[in-house]
Amino acid sequence: YNKQRSSSTSISRNMLSRITSDAVKLEVKDPVDPKALEQAKAILNEIRVADAGKVDESKLMEVAKRLGDLTADATTYVATAEDCKAAFDGLTDEQRSSLTNIHDRVKTFAQAQRAAVTDMEIDIPGGKAGHTVT
């Protein structure tokens, strides 16, 4: 409710229309686009070393170049601290501000999330059970 009064007028207290539960439509969608998922799986299959759970670095380079994430003459996919600083310094003030805000928000959430998970241990028959978070 939002109510504002003056000596001569009164604004309606109901700012939202009331509806019944029958009028509410619930639509549950898969948050991942099926085509994007198919493409991502194909890329992972292309760069993965069979049955090793690892990535073939040469295949990763090929895919990154093909998709335009790396230049054709790139020899590494690792960005140095100097590369990152140059990219950051090359942003507009608005882009730099947006990126800094995003960083701060993600960091704040990550710190709160980490603080919510703590080490624990309990006695169980025959020993102890628990976990340590590092």
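Taking segment 32-47 as the range and being part of a helix (DSSP H, G or I) and β-branched (Val, Ile, Thr) as the test, the residues that pass are ILE43, ILE47. For segment 124-134, the criterion of being loosely packed, with under 10 Cβ neighbours inside 10 Å, polar (S, T, N, Q), in a loop (DSSP other than H, G, I, E, B) and modelled with pLDDT of 95 or more is satisfied by no residue at all.
For segment 97-117, the criterion of being among the polar types (S, T, N, Q) and part of a loop (DSSP other than H, G, I, E, B) is met by no residue. Assess whether VAL49 counts as being modelled with pLDDT of 90 or more, over 29 Å from LEU99 (Cα atoms) and either hydrophobic (A, V, I, L, M, F, W, C) or under 23 Å from the mean Cα position of the chain (by Cα) (or both). In short, yes.
Against the list (1) part of a helix (DSSP H, G or I); (2) under 24 Å from the mean Cα position of the chain (by Cα); (3) surrounded by 10 or more Cβ atoms within 10 Å (Cβ to Cβ), the condition LYS59 fails is (2). Counting the residues of segment 75-113 that are surrounded by 10 or more Cβ atoms within 10 Å (Cβ to Cβ), charged (D, E, K, R) and farther than 30 Å from GLU57 by Cβ gives 3.
The values are calculated or read from the model by the stated rules, or taken from the named source; none is laboratory data. Bear in mind the structure is a predicted one, so any value in this text is a computation, not a measurement. As a convention, Cβ positions derive from the backbone with ideal geometry for all residues, glycine included, and neighbour counts pool all protein chains shown.
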